[in-house]
Structure formats: structure tokens, C-alpha cells
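Below: the structure, in C-alpha cells.
The numbers here are math on the coordinates, done by the rules we state, and not lab data. All of these numbers come straight from a predicted model, not from anything done at the bench.
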Amino acid sequence: MTDRDEARETLRSDAERNRHRIADAARAAFRELGADAPIKEIAKRAGVGTATLYRRFPTREDLLAYVFADRLTGCEESVLTALTNPDPWQGLVDHVNHLAELQLEDRAFTAVFLYDFPHDSPVSRSRTEAGAALRRLLQTAKTAGDLRQDVDVDDVMLLLKAHDGVVRWSSEPEQESQRLIERFLRSLHT
């Protein structure tokens, strides 16, 4: 290995360490300050300059997608799994509970989930596909006679927003979360 190769290897490992530090700092900042946390604040928490942050993540959307990729992908997988459940009502219940768990695990999740990503971004496309799958799931549950006919995707989004408030402000978030989800689902079940 030449000196130049060693320098390149050191640069790559430094870049990777910076990437992880930025992601960890962003995760914490998003949790505390929401999806619009200042980039300058994230760079400061990571111990890097804003130029370094922008080299690794050219846009806020790139950073949000990197930090929350597993959770956002998990949402799409959850609704697709729910669609394969022979009992559409149980599939819907499982999916709603999965979303509630994600909110309980990470208080920044709702802000990122509802964040307005550019229409041509992979996150936006994934969310569009998940939304279409959720509409199919709701229709399947309606056809089976398990879901009220007036329920739509906006009702599930409303639940996520209400549940976010419970998670943020409750002194007993797990208990109140379960209570809210159960009552919401019961109100939709026929």
C-alpha cells in the first residue's frame, strides 16, 4: 500500500465516522427540535462544520431519509404485510399498532413521517406506494364488512397526529397510547 492509498483509506474512515456522528446528532436534534431542526445546530452537535455536513448530506431531505430510512421503509413493509393477512381487519389493527410503536420508540418519527419530501424523492415515492396500499387495505376491510364505509386514509393520519400528542405530553405514554389506539379502532369497527 502506498502513502497515497493509506491517506485515501484514512480519509474514507474519517468520512464514515463523520457520517455516523452527523446521523447521531441529527437523530437527537430531530427528536428534540423536530424535522426542521437547524442544520447549523446538527453540525455543531456532530462536531463538524456545515460544509462537511452538506458534503455528506446535500439536502435536509437526504439527511432525514438517511436517519429514518429503516423506519420509513418499515411503514411500507408493515402495510404490505397487513394486505396479505387473510383477515383484513386484523391486518389493519396490526398496521396501526406498528405505526403507534414507531411513534412511541422515536418521538421525531411523526414529524419525519409527515414531512413534505420532494415528490421525486425515494421517500416520497415510498410514502405514495404505502398510501396506495393503505387505501387498498381500508377498502378490503370495508368489503369484508369490518370497517365503517366512511373511513379513509385521512382518518389514519388524524390518529397519528393525535397519538403524537399523547406520546409527547402524557406522563404514561404507553398506557395512554394503548387506550387511544384501542378506542380509535373500536370506533371504526363494524
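Scalar couplings 3J(HN,Hα) for the range 31-42, obtained by applying the Karplus form with A = 6.51, B = -1.76, C = 1.60 to θ = phi - 60°, are 4, 7, 10, x, 5, 9, 3, x, 4, 4, 5, 5 Hz; x denotes Gly and Pro. For the range 141-148, backbone phi angles converted through the Karplus equation (6.51, -1.76, 1.60; θ = phi - 60°) give residue-by-residue couplings of 5, 5, 4, 6, x, 9, 10, 4 Hz, Gly and Pro being listed as x.
Which aspartates and glutamates have a Cα lying under 17 Å from the Cα of residue 142, excluding residues fewer than 8 positions away in the same chain? Result set, ordered by chain and number: 87, 94, 150, 152, 154, 155. Its DSSP H runs of at least 4 residues, each contributing -39,500 (n - 2.57), put the calculated 222 nm mean residue ellipticity of the chain at -26000 deg cm²/dmol, to the nearest 500. Note: relative contact order over the chain, using C-alpha pairs below 8 Å and six or more positions apart, is 19 percent.
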